[in-house]
Amino acid sequence: MTTFKLGFIINPIAGIGGSVALKGSDGMAMHALALGAKPQANARAKLALEILLPYQDEIVIYTANEQMGEHCARELGFNVEVLYQAKHKHTQSDDSQLAAQALLAHGVDIILFAGGDGTARDIANVVTNDDDYQQVPVLGIPAGCKIHSGVYAITPKAAGRVIELMVTKELVTLTTGDVMDIDENLFRQGIVKAKRYSEMKIPCELRYVQAVKSGGKESDEFVLQDIAATVIEEMADYENRQFIIGSGSTTAFLMSELSLDNTLLGVDIVCEQSLIAADVTETELYQAITDFQGISKLVITLIGGQGHVFGRGNQQLSPRIIRFILAQPGGRDNIIIIATKTKLAALANRPLISDTGDSELDQQLSGFMQITTGYKDQVLYPLASPQ
């Protein structure tokens with residue numbers, strides 16, 4: 001029996017800034033930890049490896065020490081060989097790169113890594129700069145605040161499914177995926193400036209691998225005005241309601257129609273059409289909804305080209321917050337999803353995705369959701385839990 005050699009790297013601090021509204025983790029890990037952020041990358045990587053548990057006897061996992069992969073793989077009972085020892089207590093960019101070099105030198109069949117766009121760039125810096133390594137495929141487990149790159153699976157479990165296909169010797173097409181990243185300093189100022197840095201070879205299973213995020217603002221201003229008018233009417237029709245406004249250009253247009261300042265890449269709270277709190281952290285948001293003597297509603301949009309409504313760029317909307325919103329009178333109707341039909345059509349019939357990190361909650365959210373696409377115009381569109 002041929003042993004599958006799985007290279008495995010976790011960036012333990014990937015996405016750590018999301019829940020505390022830092023919009024990213026590059027150079028911000030210590031600040032995020034001081035604000036009370038909890039690392040989530042290992043938990044998300046575990047979801048991917050759990051898919052491979054039936055094939056433990058056929059896999060050897062080559063990885064880095066402790067939180068960079070060793071602990072996660074050993075806890076699940078895999079056969080593990082540690083090829084790299086992290087240089088820093090809180091891992092840095094060079095740890096990801098040196099770990100990748102060690103795995104590639106050992107001849108792994110694929111590198112499976114957990115992180116965000118910064119981690120993808122680190123892996124690409126190694127893979128693309130050495131002719132001997134450029135043909136080794138990679139696949140990302142989404143764990144960062146921002147996932148613009150096309151080298152990631154749509155969810156952690158989806159990443160595991162792709163590796164499963166390879167382990168069981170299914171025919172898996174290889175293609176190239178773009179490595180994208182943005183300037184996090186501009187990102188924290190509400191400016192999205194994405195750039196293509198390179199590309200890497202990836203196993204291409206369209207059910208499981210995400211598209212590169214579509215950038216830019218909606219061009220049809222009249223449609224956005226109609227969508228905003230519908231939400232604003234709902235805000236005016238009810239007392240004792242507060243509205244949590246998620247990130248994105250579609251929700252930013254709503255805020256501009258309300259003549260309110262907006263955190264383009266954060267979460268704001270509006271009550272009686274006034275801004276109550278801006279750019280809140282997960283802890284601040286939970287306090288706000290539990291203290292409020294009324295109903296809290298959530299207004300969100302989807303990531304263009306990918307379809308995620310939870311789990312990308314809005315980690316402040318944690319499972320406990322979503323559960324609280326669902327438990328209020330109105331249930332699922334307390335989640336207001338807004339998007340143009342053009343944005344939905346770009347998904348090419350793929351479902352919306354909830355990737356909260358809580359599989360039970362994702363399953364609870366799955367099914368058809370009402371999407372506000374114009375003035376008092378809604379469509380039903382499927383939302384799926386990670387597979």
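Quick rundown of the values:
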| item | result |
| --- | --- |
| Single condition L275 does not satisfy, out of (1) over 16 Å from the mean Cα position of the chain (by Cα); (2) in contact (Cβ under 8 Å) with a residue 40 or more places away in the chain; (3) not in a helix (DSSP H, G or I) | (2) |
| Which numbered condition G357 fails, given (1) part of a loop (DSSP other than H, G, I, E, B); (2) free of Cβ contacts under 8 Å to residues at least 60 places away in the same chain | (2) |
| Count - residues of the range 323-374 that are hydrophobic (A, V, I, L, M, F, W, C), out of contact with any strand residue (DSSP E or B) (no Cβ under 7 Å at 6 or more places or on another chain) and either surrounded by 22 or more Cβ atoms within 10 Å (Cβ to Cβ) or modelled with pLDDT of 90 or more (or both) | 4 |
| Residues located in the range 196-236, provided they are in a strand (DSSP E or B) and at pLDDT 75 or above | R196, Y197, S198, E199, M200, K201, I202, P203, C204 |
| Criterion violated by I303 - all others in (1) more than 17 Å from the chain's Cα centre (by Cα); (2) assigned to a loop (DSSP other than H, G, I, E, B); (3) within 24 Å of E257 (Cβ to Cβ) satisfied | (1) |
| Subset tally (residues that are among the charged types (D, E, K, R) and touching a strand residue (DSSP E or B) at 6+ places or on another chain (Cβ under 7 Å)) for the range 230-278 | 3 |
| Answer residue from the range 88-123, given it is among the aliphatic types (A, V, I, L, M) and in contact with an Asp or Glu (Cβ under 8 Å, 6 or more places away or on another chain) and is surrounded by the most Cβ atoms within 10 Å (Cβ to Cβ) among those | A120 |
| Elements of type strands (runs of 3 or more DSSP E) in the range 48-130, at least 1 residues being without any contact (Cβ under 8 Å) to a residue 40 or more places away in the chain | 79-84 |
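Conditions tested, residue by residue: (1) more than 25 Å from T342 (Cβ to Cβ); (2) touching a residue at least 24 places away in the same chain (Cβ under 8 Å); (3) not assigned by TED's automatic domain parsing to the domain that holds L365.
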site	(1), (2), (3)
R241	yes, yes, no
T251	no, yes, no
D261	yes, no, no
E282	yes, yes, no
Q287	yes, no, no
L298	no, yes, no
T301	no, yes, no
Q306	no, yes, no
G311	no, yes, no
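The values are calculated or read from the model by the stated rules, or taken from the named source; none is laboratory data. Nothing here was measured: the structure is a model prediction, and the numbers come from that model. With ideal geometry, Cβ positions are generated from the backbone for all residues, glycine too; neighbour counts draw on all protein chains shown.
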